[in-house]
Amino acid sequence: EPLFVFAIMAVAATRPILELASGIILRMGSALTSRTMHGTYLATLCFIPLLGSLITEPAAMTLAALIIGQHIFARGVSSRFMYITVTVLFVNISIGGTLTNFAAPPVLMVSATWDWDAFFMLRNFGWKAACAVLVNTLGAIGLLNAELHRLNPGADSTKPRQPGIPLSMVLLHMAFLAGIVMFAHHPAIFLGIFLLFLGVAHAYPQYQQRLILKEALLVGFFLGGLVVLGGLQEWWLKPLLMSLDANTVFVGAIGLTAVTDNAALTYLGSLVDGLPADFKYALVAGAVVGQRCIGPSRDD
């Protein structure tokens, strides 16, 4: 998993992928309403977190921050507006990555051990997360409705334009992303795809921004440390978890995310054999919900 996380983060946060997603989100916002910022705000806070289930949570956070900063915050908004927006974005990003089994680190750390595939995640977590993301966003719009009406949806305050990205380059990066996901359990193949991606990025720097190799590597090292050292924690974790019921685990997982990373929490849970299905569900749900409601994420 650490190698997969490293590769998927680096590819998903490239300029062709981010600009494609940004263009789709802004067009969706304009289609929803062209005279106010409500559509852009809804699309950014609702659809980008769900898109994080494909491009990973860190890439979704990066994309949402860029759109909010350049197209909304740059127009001049109050501190209250910023606080509510960032709070809702943090929560939506955390729960929005649960539509698949590879985008959210706390899910990725248990999906192989517990045989949770993308269909299982969508059926048990994804649709609930999508509903919660929509409710959260509509709630924020309700609180900020008056200020959103005052924002001018005209020209943006943006950086100097960079060279346009050819469609072939966008499709090639999408193919890299799909290939890494498809061959996630075949390291030799997806690392070969990743090396080819690095070659393309080096050959065409005019279509790239700085690759987040350092950030992706740090996250990969962190998850690798969990895999190497996590087994040493089983002696105290197994008797503790086996003494709790599912409801207690859910509440406890929410609280523990204030002092530990949610991926570490779920991975330690995956080391315990014989956990019932409702117990596993409660552990992951509590870890995902609590991370950005109570504690910061190590990959932010």
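The values are calculated or read from the model by the stated rules, or taken from the named source; none is laboratory data. As the structure is a computational prediction, the values presented were derived from the model and not from experiment. Glycine gets a Cβ as well: all are built from the backbone with ideal geometry, and neighbour counts include every protein chain shown. Note: areas computed on protein heavy atoms with side chains; ligands, DNA, RNA excluded. Shrake-Rupley method; radii C 1.70, N 1.55, O 1.52, S 1.80 Å.
Which of the residues spanning the stretch 175-188 are open to solvent by less than 80 Å² (accessible area, probe 1.4 Å) and part of a helix (DSSP H, G or I)? Scanning the stretch 175-188 gives A175, F176, L177, A178, G179, I180, V181, P187. Scanning the stretch 189-241 for residues that are of a type in the set (G, A, S), closer than 15 Å to L172 by Cβ and surrounded by 17 or more Cβ atoms within 10 Å (Cβ to Cβ) yields a single hit, A201.
Taken over the stretch 33-61, the criterion of being of a type outside the set (A, V, I, L, M) and in a helix (DSSP H, G or I) is satisfied by H38, G39, T40, Y41, T44, C46, F47, P49, G52, S53, E57, P58.
The residue of the stretch 79-129 that is modelled with the lowest pLDDT, among those that are touching a Leu at 6+ places or on another chain (Cβ under 9 Å) and surrounded by fewer than 16 Cβ atoms within 10 Å (Cβ to Cβ), is T113. Looking at the stretch 213-261, what helices (runs of 4 or more DSSP H) fall wholly within it and have at least 1 residues that are modelled with pLDDT of 80 or more and basic (K, R)? Those helices (runs of 4 or more DSSP H) span 213-229.
Taking the conditions (1) surrounded by fewer than 21 Cβ atoms within 10 Å (Cβ to Cβ); (2) out of contact with any Phe, Trp or Tyr (no Cβ under 9 Å at 6 or more places or on another chain) in turn, L63 satisfies each one other than (1). For beta carbons closer than 6 Å, sequence separation of 6+ or different chains, a first residue in the stretch 1-24 that is open to solvent by less than 20 Å² (accessible area, probe 1.4 Å) and a second that is among the small types (G, A, S), the qualifying pairs are F4/A184; V5/G220; M9/A216; A10/A216; A12/A59; A13/A59. In the stretch 268-286, the residues that are polar (S, T, N, Q) reach residues that are open to solvent by less than 10 Å² (accessible area, probe 1.4 Å) with C-beta atoms within less than 7 angstrom, at least six apart or across chains, in these pairs: S270/M109; S270/V110. One residue is enough: does the stretch 34-54 have a residue meeting the conditions open to solvent by 40 Å² or more (accessible area, probe 1.4 Å), modelled with pLDDT of 85 or more and not aromatic (F, W, Y)? Yes, there is a match, as at least one residue in the stretch 34-54 is open to solvent by 40 Å² or more (accessible area, probe 1.4 Å), modelled with pLDDT of 85 or more and not aromatic (F, W, Y).
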